[in-house]
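S.K.: Please see the structure below; I have some questions.
Read-outs throughout are calculated quantities, based only on the coordinates presented, and are distinct from any laboratory measurement. Keep in mind that what you see is a predicted model, and the values were worked out from it rather than measured. Cβ: placed from backbone, ideal geometry, glycine included. Neighbour counts: every protein chain shown.
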Amino acid sequence: MPNSDLLHSLLFKINENQLALEAVIMELTNWVEKRGASEVAENVRGALTAIDRNEEFIKMTLALMMTLIDHCGHWI
């Protein structure tokens, strides 16, 4: 597998893992909140807003990097 394919896969998997972690943390937050720890749940939701804020930028940057890799055959 060429290095550019490895980099594509790596970047995609890192992004996929980040989104999966966000989802599972949100599930745990809901579980905690149902058990009376609403302040903890609110704090976690506040911290997760950073992921939401950055998600579109990350997706656009990954797409650009993958396009550059396809075009050049390597990254930088």
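S.K.: Kindly provide the helix-only [θ] at 222 nm of the chain, computed as the sum of -39,500 (n - 2.57) over DSSP H runs of four or more divided by all residues, to the nearest 500 deg cm²/dmol? Can you show the working numbers first?
M.R.: Details: 2 runs with 67 residues, N = 76.
Rounded to the nearest 500, the figure is -32000 deg cm²/dmol.
S.K.: Rank the residues 8, 71 as a footprinting-exposure proxy: fewest other Cβ atoms within 10 Å of their Cβ go first. Mind showing how you got there, number by number?
M.R.: Details: 8 18, 71 9.
By the 10 Å Cβ count, ascending, the order reads 71, 8.
S.K.: Report, to the nearest 10°, how far helix 38-72 tilts away from the longest principal axis of the Cα atoms in the chain, using its own Cα long axis and a range of 0 to 90°.
M.R.: Computed tilt is about 10 degrees.
S.K.: Working out 0.36 nm times the residue gap between residue 70 and residue 35, then minus their Cα-Cα distance, what length gain in nm do you get to one decimal? Before the final figure, lay out the partial values.
M.R.: On the way: separation 35, 0.36 × 35 = 12.60 nm, distance 4.92 nm.
That pair, residue 70 and residue 35, stretches by 7.7 nm at full extension.
S.K.: Give me the mean projected area, in nm² to one decimal, of the convex hull enclosing the Cα positions of the chain. Walk me through the numbers before you get to the answer.
M.R.: Values: hull surface 22.6 nm².
Computed as one quarter of the Cα hull surface, the answer is 5.6 nm².
S.K.: Round to the nearest 10 and give me the degree value, 0 to 90, for the angle of helix 3-34's Cα axis relative to the longest principal axis of the chain.
M.R.: Orientation of helix 3-34: about 10 degrees from the principal axis.
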